[in-house]
Structures are given as structure tokens and as C-alpha cells.
Amino acid sequence: MTQKSNKATAADSRPKSGLEFLKRLAKQQNKGLRLSVFFGLLATLSMIMQWLSLAYMADQFIMHQATLTAVWPALSLFTIGTLLRPLFIKFKNNLAHTASWQARQQVRQQILQDWRQRSPLSQHQHSPAAAATQWVEEVEAMDGYFSNYWPQQMLAALSPLLIIIPVFWLNWICGVLLLISAPLIPIFMILVGLGAENINQKYFVMRQRLAGHFLDRVKHLSTIKLFNTQHYEADDIALKSDNYRRVIMRTLKVAFLSSTVLEFFTTVAIASVAIYIGFSLFGALTWGPSASLTLFSGFAILLLAPEFFQPLRNLSQYYHDRATALAACNNLLEALNTDKPINELAADSSHSDIEYISHAAKLEVKNLSFGYEQPLQRNINFSLQRGEILSLSGPSGSGKSSLLHTLAGYLPALEGHIRIPVDDISQAKVAFLPQQAWLMGDSVLNNIRLFRPNIEQAELDKLLQTVDMLEDIKQRSLGLNSQLDEDGLSFSGGQAQRIALLRLMLAPTPVILLDEPTASLDQHNRQRVITQLQALAKNGILIIATHDQDIINMAHQHLLLSPQTSHSPEPSYE
């Protein structure tokens, strides 16, 4: 009950939306982001000092014919402000980029953890291209939110307040004009940005689909050429690429629209201030503080007015970074929450129970029912001692592979009890070799010693001799350094299968599950694999799904599965 409540609490603590996810990440990087804002405010103060000192010097030189010596304090302040401002901006950007990098690394760690916890069955339901897009592009899409938008949203509120203080001190009417026009910019920015968020959401989904679509075509080019459908596939990719281009252009249209709106209101606001100052200095306006305007105060206000709107203009520019990051986070959350990790899947099945027993002598399966929404098989019972082999056979769809997935823990059992012997409860418990063995695009040596990196060469040569591969390897010019293509396509099916089996021999587990290990092999390679299976069975338990009669005859027990119907007989044991 406690374990279930803990999992329920963990599920409740997950972010419900992309915005909540971004806020949590920002909270964890709170120190770096707030320091970035602090240096941004220091840059604003440096700018104010810079422009006020420049306006004072202009007033002294033009109106009072002052000498350079007389204005040296203002010149010093101007120089200090000019030097400090870019320095503070650099500190601000470095801190924001560091916080952004840390947040993105944290997201990637969460994605890795989710991938590790998921059942391999759920991973096969998604395109590798979509996973690569999530890992690279969608995580990188968050960079602008942390490095640009988050600090700027604080600066857009605080920097104008610092700037408006000297403006009010110089002329309160100009301050009022700036304050009246300032809210219009974020209002229109938000209205335009809402449409950008929806477009960006569609943009990410379409990009994932296009990446998966293109990767599938590249991966099966030989099949496409075999059926002479190159032109059809090329036209199909061109059509989908054109649809993607249209979405990108719609995003750019929204970006240009928001920029145009901002520039219009900013220009109108600055122009109104400039007109007021010009008419006041000309003497056309005499009411209020107009008469007190001088070259110093008027020039200083005109210098500060564009800076007053600059943080709001930057926020508008970075608002699209927010929309992009929000769309990426929504897409990531949907992908992370769509398929439950295997430990949560197992928890959902109240009758499922896989028990790992340290140093036990046998594997026991009692009253096992397994399947997906409906049971594929019911009341499976068997017991195996170490050194024994169980063969599973039956027509397609009878549940041979699903039974192996259930024993491996990839698929939760619906009912029953499974007791699996292990040597060390903290180590790998079950080894599983599917029909298509996974081989990485690397050397033969790195593929073989994947689970035992420090194996001695003498022991490796002995094992290669055992599986009758030593001569095959020596015949290659690079030997063990020969490169394997993805999925082992540069080797024959029998050689790739024996490399995968050799990995099992280097890191054996008490229970080894194999799915059609001799399928699609010629007679010579098939016999080599069978010999290797016999060697594996000496110190462990082998459960093999197969149609190979030689393996069935070699097995100590045989379980014949039949397609499950309402009138299906019980599984047949031999």
C-alpha cells in the first residue's frame, strides 16, 4: 500500500503542463537567473549614468561654452558608464546561458531516466527519429526561454522603473507620456504571441513526424528501389516538406507582425515626447514644466526614451522564445507521460508478481496468465532446474514472444506467480535475446565486450574458438576492429547472431530467454548456434521460443501454445 501511495504521489507531482514544467526548471536555476537580472539592472544604471553625463556635457559645451577641464567629472562618469555597461551585459548573458545549460542538462537526464524505466515494448512504438528530435531539437528549444526570456521579463518590469525616475525628475509630463504608452506594448505582444504558441505547437509535432517519415524511407531505400517506387516516395517527401515550409512561414509572419506592432507604438510614443520637447524649447508650449526644459533635460529625456522601451522591445522579441519553449515542453510532457514506465505498468496489475530469489535452484511459473487487454494464454505452469532447456512452440499469435516478454519483465503478467533464480539481486537478473539481435555501429571487439570491457585477449580468443568465429574474424583485414554497420548488416545473419550469443557467454545470467535464435539461418550457421546454446545451458536455464525441431528435441521440456479462443484447450506440455 505504501509503495502504491508513493507512486501515486510521484505521479501527482509531475507537471501538468509545459508552462508548469518550465517554471519548475526556472525555480531550480533561481540563483543564476536572478544574478543575471541583477547584472542587467547594473547595466541599466550604467546606461543612465552614461546618457545623463553625455547630455550634461552637450549642454555645457553648446549653451555655456565650457572647456574640457570644466566637464571632466561628467566625462569620467560617461567613460565609466561606457565601460561598465558592456561588462555587466556580458556577466548577465553568461549567467543566463549557464542556467539555461544546466536546465537543459536536467531535462536530458529526465528523458534518459524515462527511457531507462520504460519497457522496450513501448520504445518500439515510437520512431527513433522522433526520439532524436526530442533529445536534440526540443531540448535545445528551451535555451531561449532561460537565457533570454526569463531574465528579460524581470528586466522589462524593473529597468523602465529605474529609467522613469530621472525622467520624472527632469520633466513629469514626459514621464507621464512614457507611462501611458508603456502598457500598450506588452498587451499587443501577448495578443500576437498567443497565436504564435499554437503555431509552434503544430510546428514541433510536424517536425517530429517529418523526421520519422524521412528516416524510415532512408532506412528502407533498398526496398523502395526493389519495388521501383523512388519517384512516388520523393514526391511524398516533397509534399510533406512543403507543408512544413508553410508552417514555418506562418510562424515568421506572426513574428514580423508582432515586431511591426511594437515598432509602431514605440515610434509613436518617442515621437510624442520629441514633439513636446521641441515645442517647449521653441516656446510654443508654456504650461506646466515646459518652461523649465533646457538642452540638458530635453536631450537627456530624448536619450532615455528609447532605452525606456528597449527592455519591452527585447521582451517582445524573446516572447517567441517562450512560445517555442512552451510548445517543446508540451510535446515532451506528452511523450513522457504517454507510455508508463515498466515499473508502473507492473504496479497496475494487481495479480502480477515476479519474485527474484537469490541463489535459488530452479525457476517456477505457477498459474500464469499473460497478454495485453485480453489474455493470450492462461494457467501456464512449469518448473526448470539449472542446466535445463524449455522450448516454446506454437503458431503465430499464440503468445510465444509475449511469454518471453512477461518473464523478462517487459510485459506485466495478468495473473500468476513467477519465481526467478538470480546469483546477485543487484545485478542483471534475466538475459533476453530477441529475433533481431541489437548490435551497435562499432567494432566487433566493442560489441563483444559490451558487458565485460576488461576481458583478457586469451579468454576472448578461446570463446571465439568455442563459437567457431575465430577464423571468420581473422579472415577480415581489420580483425576484431572490423566495423559493424547498424544492426550488424555488414555481417551475415549467423555471424551477427553468434556475436550476440557470445555477449551472453561473457556476462551470463541464471535465466536466458531467446526468441527464434536460428530463424533465417542456413544449415551450417544454424548448427553452430545450436551448439552454442548447448554450451550456454550448462550453467543456466534456457527458455527458447522456436519452430526448429532440433532445438525442440534438444530441450528437456516442451510447451506447445495454441491460439487463445473461448474454446481453446490448455497449453500442452511434453
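With only Lys, Arg, Asp and Glu charged, each at its Cβ (+1 for the first two, -1 for the last two), find how big the charge dipole of region 347-573 is about the Cα centre; round to the nearest 20 debye.
Details: 17 positive and 25 negative charges, 81 e Å.
Here region 347-573 has a charge dipole of around 400 debye.
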Checklist outcome for this item: Checked against the positive end of the charge dipole of region 468-554 (+1 on Cβ of Lys and Arg, -1 on Cβ of Asp and Glu, about the Cα centre), the farthest of Leu513, Ser492, Ala545 is Leu513
Checklist entry - Which of the residue pairs Lys31/Lys92; Lys400/Lys462; Lys27/Lys253; Lys362/Lys462; Lys27/Lys92 have a Cα-Cα distance greater than 23 Å in the structure shown? => result Lys400/Lys462; Lys27/Lys253; Lys362/Lys462
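Given +1 on the Cβ of Lys and Arg, -1 on the Cβ of Asp and Glu, and no further charges, what dipole in debye does region 14-344 carry about its Cα centre, rounded to the nearest 20? Write out the running numbers ahead of the final one.
On the way: 28 positive and 19 negative charges, 151 e Å.
That gives a dipole near 720 debye.
So how strong a dipole does region 425-545 carry about its Cα centre when Lys and Arg Cβ are +1 and Asp and Glu Cβ are -1, to the nearest 20 debye? Could the numbers behind the result be given before it?
Working: 11 positive and 13 negative charges, 77 e Å.
Rounded to the nearest 20 debye, it is 360 debye.
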Next on the checklist: Modelling each spin label as a point 7 Å along the Cα-to-Cβ direction, I'd like the Leu87/Ile237 distance in nm, to one decimal.
Outcome noted: 5.4
Checklist entry - For region 426-483 and region 242-273, what is the separation of their C-alpha centers, rounded to whole Å? => result 58
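Values quoted throughout were computed directly from the atomic coordinates according to the rules given, and no laboratory measurement underlies them. The structure displayed is predicted, hence computed values, not measured ones. Counting neighbours? That spans all protein chains shown, and the Cβs are built from the backbone with ideal geometry, glycine included.
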